[in-house]
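Worksheet: the structure to be examined is printed underneath.
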Amino acid sequence: MLDGLKNKLRKFLGLEAKPDAEDDEAKAKLKQEIKSEVEAQSKPAEEAKKAADAAAEEEAKKQAESSEQISKESSTQEVEKVADKPKIGYIHMSGCTGDGMSLTENYDILSTLLTDMVDIVYGTTLVDLWEMPEMDLALVEGSVCLQDEHSVKELMEVREKSGLVCAFGSCAMTGCFTRYARGGQLAQPKHESFVPISDLIKVDCAIPGCPASPEIIAKVVVALINGDMDYLQPMLDMAACNLACGCDLQTNVVSKALCTGCGTCVLACPTRALEMVEGRPSHNKNRCIKCGACTTHCPRTWFPAEQIKKDLGL
Amino acid sequence: MAFGTYKEVVSARATDKAIQKVAQDGGIVSALLCYALEENIIEGAIVAGDTEDAWKPEPTIAMTPEEIIAAAGTKYTFSPNAIRLKEAVRQYGLEKIGTVGTPCQIMGLRKMQSYPFATRFVADKLALIIGIFCMENFPRDSLKTFVEGKMNSSLENVNKMDIGKGKFWITDPEKESGLALKETHGYEQAGCNICLDYVAELADVSTGSVGSPDGWSTVFTRTDNGADIFTAAVEAGVIETKPMDDVKPGLELLEKLANGKKDKGRKEIERRVNMGLPSPF
Ligand SMILES: Cc1cc2nc3c(=O)[nH]c(=O)nc-3n(C[C@H](O)[C@H](O)[C@H](O)COP(=O)(O)OP(=O)(O)OC[C@H]3O[C@@H](n4cnc5c(N)ncnc54)[C@H](O)[C@@H]3O)c2cc1C
Ligand code: SF4
Ligand code: SF4
Ligand code: SF4
């Protein structure tokens, strides 16, 4: 199953072989439909594009004949040109937009990313669309409110229309602070059940954090573009997680004879709900927002030794 | 494989008499942090500072060489230095931070650097991570148990603790006394029993006493950054070195201990996994 997912991701990244004949056929059909619908005005453009594509192909062929080395280069160039840019959607459910803001804090890589690497095809405030398009990857921020039929419907549609669904930030992954919602307030007193998206749909990958940091988002994007599945693996492993609390440290680490008193959990906690008492994390449940950062960061829950060595050049 | 990846290993000590006087071993940790601070490689360091309670260290943000040196010496109980890192970045506004820790503490920091899920703009502020060798660590009440119950002293009276030559040593105003390590076994925290890292394999620079003579330390340089800083400190005359081959007991003993720890740890992991308990390694 994991292999299937990996292949899907690789394909989405354009690392796999070109789309098979069936896909080509479907695309051709879709193109035809679009063609018949659009006005004549756009035809020249379409034709011009086709001509350009053909010319590029011709050019590549010519180069292929001229010398072996150049042929290699041009064929990889061709692959890059042909491979579609991954279509990414950003879907906002019930959360604070912190993860979206974190994303935009990557100013330095964002412009290249948006223009050269990916197509953002759907997103509140980013892309003005009524109909949700097909997406390769949907980043879903926020939990989903069971009493809000629009949100539930939108989430189902996301699953249907997206190759991969990523729980983006802790609200989507664990429910985070929306776990404390209990209704009885404006604008809709009935809204009381906010659940992580994996309660309703299959999630492929999760990025915890309240908010997920700008750096982890940048690292994920780079890993996606490089097809670095090893880096992404922990986030695929966390996909089914739908529950977190600071007390997990006690249950999963201290009570399992694993804690070393290193303090990483306290460092990771965004709300100072943890402190170290006699060398063990002490959890103040009144401050905890159930984001799961502490358990995720703890070096005794999972430890990426190979990745760290690679990052350090060791 | 006993020592992880490293560039160079030497025996070394700080040349500063003030550091020699208070340091646990060769004073490498204090000397390197002070050098890095003075050269503006770091703007502050998180160390295990003393508190009013004897042998109850607390992570301390040191902003001067004096504060670094005041925190010298090994405390055989928890000082989770990582817990003040965010504060050092956000409240103190430090852009370049140095710190020291046992191998497990370094693991937490390195994991955070590779996967900075929830630590916005913190990971990149760590400019120097010094690791100290570690066989085990003790809850403070364990120390109390053997210092008071087995060694007839009290934590308040003890000036120095050390582990070496098969014994746990304390120095109080009257005498230096040692307790066979088999008497301390069983008092270490349980998390240490599955630990496979003796020589801080993921630090920039790691150091400990084993392998070198009294008053000297064994030092591994590991990352490019760590090697650069250590080399510069040696060139500046802050640290003096000797080849490992010239010192006793030398690397052989260190290798024996490092491998011994790995063997024991793996056995314990196997035992736990067979009972259905989890292990991250
Ligand atoms: C629990 C523990 C077990 C150890 N076991 C071994 C061992 O088996 N073999 C071996 O060779 N060496 C061991 N060491 C390391 C050794 O005792 C010295 O700390 C090391 O050689 C550094 O000495 P130094 O003279 O270079 O450092 P110094 O200049 O004396 O500075 C020591 C630095 O370590 C910091 N520090 C002290 N205690 C702690 C702590 N608990 N947590 C985090 N930081 C701390 C201090 O704040 C100071 O900055 C152990 C250390 C600890 C803390
Ligand atoms: S203790 Fe802190 S880090 Fe852990 S889940 Fe609660 S708020 Fe998040
Ligand atoms: S991060 Fe994990 S091992 Fe470290 S103190 Fe917290 S619970 Fe213990
Ligand atoms: S033995 Fe390992 S787990 Fe225990 S304190 Fe030392 S480094 Fe940490």
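The values are calculated or read from the model by the stated rules, or taken from the named source; none is laboratory data. No experiment lies behind these values; they were computed from the predicted model shown. Here the Cβ positions follow ideal geometry from the backbone for every residue, glycine too, while neighbour counts run over all protein chains shown. With ligands, DNA and RNA removed, areas are computed over all heavy atoms of the protein, side chains included. Shrake-Rupley method; radii C 1.70, N 1.55, O 1.52, S 1.80 Å.
Below, the figures for the structure above:
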quantity	calculated
Residue under evaluation B:Pro65, criteria (1) within 11 Å of chain A (Cβ to nearest Cβ); (2) in contact with a Leu (Cβ under 9 Å, 6 or more places away or on another chain); (3) open to solvent by 10 Å² or more (accessible area, probe 1.4 Å), criterion not met	(1)
Search result, residues across the range B:95-139 that are in a helix (DSSP H, G or I), without any contact (Cβ under 8 Å) to a residue 60 or more places away in the chain, touching a Gly at 6+ places or on another chain (Cβ under 9 Å) and among the aliphatic types (A, V, I, L, M)	B:Leu109
Counted residues, the range A:284-297 - those being surrounded by fewer than 19 Cβ atoms within 10 Å (Cβ to Cβ) and within 23 Å of B:Gln189 (Cα to Cα)	0
Close pairs (7 angstrom Cβ cut-off, 6 or more residues apart or separate chains): within 10 Å of another protein chain (Cβ to nearest Cβ) in the range A:203-224, among the charged types (D, E, K, R) anywhere	A:Pro211/A:Asp99; A:Ala212/A:Asp99; A:Ser213/B:Arg120; A:Pro214/A:Glu105; A:Pro214/B:Arg120
Odd one out for B:Ile129, checked against (1) out of contact with any Asp or Glu (no Cβ under 7 Å at 6 or more places or on another chain); (2) within 16 Å of ligand 4 (Cβ to nearest atom); (3) open to solvent by less than 10 Å² (accessible area, probe 1.4 Å); (4) among the aliphatic types (A, V, I, L, M)	(1)
Test result for B:Ile42, without any contact (Cβ under 8 Å) to a residue 40 or more places away in the chain and either assigned to a helix (DSSP H, G or I) or open to solvent by less than 10 Å² (accessible area, probe 1.4 Å) (or both)	no
Candidates B:Glu255, B:Glu240, B:Glu183, filtered to the one that is more than 16 Å from ligand 3 (Cβ to nearest atom), touching a residue at least 24 places away in the same chain (Cβ under 8 Å), outside the structural domain of B:Ile106 (by TED's automatic domain parsing) and not in a loop (DSSP other than H, G, I, E, B)	B:Glu183
Yes/no for A:Arg300 being open to solvent by 30 Å² or more (accessible area, probe 1.4 Å) and within 16 Å of ligand 4 (Cβ to nearest atom)	no
Flag for B:Glu58 being open to solvent by 30 Å² or more (accessible area, probe 1.4 Å) and either more than 14 Å from chain A (Cβ to nearest Cβ) or away from ligand 3 (no atom under 16 Å from the Cβ) (or both)	no
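Quick grid of which residues meet (1) within 10 Å of ligand 3 (Cβ to nearest atom); (2) in contact with a strand residue (DSSP E or B) (Cβ under 6 Å, 6 or more places away or on another chain):
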position: A:Cys245; (1), (2): no, no
position: A:Arg272; (1), (2): no, no
position: A:Glu275; (1), (2): no, yes
position: A:Arg280; (1), (2): yes, no
position: A:Lys285; (1), (2): no, no
position: A:Cys288; (1), (2): no, no
position: A:Cys291; (1), (2): no, no
